[in-house]
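Bear in mind that the values in this text are calculations on the coordinates, not laboratory data. Keep in mind the model is a prediction, meaning the values are calculated, not measured. So basically every Cβ, Gly included, is an ideal-geometry build from the backbone, and we count neighbours across all protein chains shown.
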């Protein structure tokens, strides 16, 4: 099997994924999954698509991820893995789509506007 290259995004996080058949090892920015995401919750988020289609331990992943925070990065990796699994086998698509793993979450931080304190918060109004 050749290397499958996919991209996943969430908020300001961008994950570039290279997937090939292997033993289920993760290399995220040069670190293992456990070292990069010490939290069990974030490790589960990354592995969700693999567990759903029962392919856990069949592929090796090399991921370059930057931007955003840990949760956004984990969800960006999840989207990239889901897209790669769909390219490998078209039968993986319906369960992943039903679970919502193929949907790019479009919510971003709203930009700050001029004349305001934050994006929507105005300065305190003084009547007198």
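Which order do 51, 19 fall in if you start with the one that has the fewest other Cβ atoms within 10 Å?
Values: 51 10, 19 24.
Ranking 51, 19 by Cβ neighbours within 10 Å, fewest first, gives 51, 19.
So how do 121, 107 line up by other beta-carbon neighbours within 10 Å, fewest first?
Going from sparsest to densest Cβ surroundings: 107, 121.
Could you tell me how many degrees, from 0 to 90 and to the nearest 10, lie between the Cα long axis of helix 40-52 and the main elongation axis, the longest principal axis, of the Cα atoms of the chain?
50
Select one label from (1) 1.65; (2) 1.15; (3) 0.99: the one whose number is Rg/Rh (Cα atoms, Kirkwood Rh) as derived from the coordinates shown.
Given (1) 1.65; (2) 1.15; (3) 0.99, the calculated one carries the label (2).
Evaluate E = 1/(1 + (r/R0)^6) for residue 18 and residue 102, where r is the Cβ-Cβ distance and R0 equals 22 Å; express this FRET efficiency to the nearest 0.05.
Working: r = 19 Å, r/R0 = 0.87.
For residue 18 and residue 102, the calculated efficiency is 0.70.
Under the Kirkwood approximation for Rh and a Cα-based Rg, what ratio Rg/Rh is obtained for the range 11-78? Show your work: numbers first, answer last.
Numbers: Rg = 11.1 Å, Rh = 11.9 Å.
That ratio is 0.93, to two decimals.
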